[in-house]
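These notes are about the structure you will find just below.
The values are calculated or read from the model by the stated rules, or taken from the named source; none is laboratory data. Just so it is clear, the model here is predicted, and its values are computed rather than measured. So basically every Cβ, Gly included, is an ideal-geometry build from the backbone, and we count neighbours across all protein chains shown. The protein model used for the area step is the full one, side chains on, heavy atoms only, and it has no ligands, DNA or RNA in it. Shrake-Rupley method; radii C 1.70, N 1.55, O 1.52, S 1.80 Å.
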Amino acid sequence: MREAELTGTTSGDLVAHRTLTLEAYADTIVPGEKRRPDDRAVAGAAPGGGAVAAGALELMQWDATGISEGLGDLVELLDGHTRSYAEEHGLTLDASVPPFVALDFAHRTALVQRLTGPGHPEKELWVLLALFSNMSFDSAAHRHTAEALADGHPGLTAMGITPPDADGLWRFGKPGYGRALARRHPDTTPSGSPA
């Protein structure tokens, strides 16, 4: 059933349904801890912040991704796959939450593995959604790096990305390989640009 065909459903309900479903998908890719005890989208399968805390939903909704306009269709597809998966496994889905959100973490993982596996006809769609979930955690692509670090971004922090110097520039006084790979060019400007 298409979202627009749901009777008695407000646009706010559709947004909440979409939000919870996309958060649950992102949390399956990069799990994190629940935001509150009654959190249904985030399963709480790992300590610390995961893709949801890293801003996966914001990244997916950013028009620069090229998928923001199709998120409703992806949610609808995922709803259908979830219902089929639940029927196949004899699961009764809690109707008070979207179908994918009603699955426990092990079943979410199994379904995502199926959708992203070799030979699945929609594999590219689900892999793309997974990539954006990873990207939100690994690079905070939707945010300015310094601002994300100042806000305690869980992925950048976990990877040990250090904040910039007070002037907003990153400098690396200690070479990453334990030795300097090249001498500074004598015409380099104070900001680090070539003259």
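Miscellaneous remarks
- In a fully extended conformation the segment linking Ala46 and Glu87 would gain 12.0 nm over its present Cα-Cα distance, using 0.36 nm per residue.
- Across the range 28-98 the C-alpha pair distances fall into 5 Å bins from zero in the proportions 3, 14, 16, 20, 23, 17, 6, 1 percent.
- In the context of the full set of protein chains, the range 26-68 has a per residue accessible area of 46 Å² (1.4 Å probe).
- Cα gyration tensor, the range 131-195 - rounded (a/c under 1.5), prolate or oblate: prolate
- What the Cα convex hull of the chain gives, in volume per residue, is 177 Å³.
- Rounded to the nearest angstrom and listed largest first, the equivalent-ellipsoid semi-axes of the range 107-159 from its Cα gyration tensor are 29, 11, 7.
- Heavy-atom accessible area per residue - the range 130-179, 1.4 Å, Å²: 66
- Förster radius 41 Å - calculated FRET efficiency between Glu69 and Ala106, Cβ distance, rounded to 0.05: 0.80
- Extended-chain gain in nm, criterion 0.36 nm per residue less alpha-carbon gap, Arg171 and Ala16: 51.5 nm
- Given +1 at the Cβ of Lys and Arg, -1 at the Cβ of Asp and Glu and no other charges, the dipole of the chain around its Cα centre is 1020 debye to the nearest 20.
- Helix 123-138 vs. the chain, principal-axis angle (Cα, 0 to 90°, nearest 10): 40
- Cα long-axis angle, helix 11-29 against the chain (0 to 90 degrees, to the nearest 10): 60
- For the range 138-192, the dipole from Cβ point charges (+1 on Lys and Arg, -1 on Asp and Glu) about the Cα centre works out to 380 debye, to the nearest 20.
- Range in the chain, longest, excluding exposed trypsin sites (Lys or Arg not before Pro) [loop by DSSP; at most 10 other beta-carbon atoms within 10 Å]: 3-170
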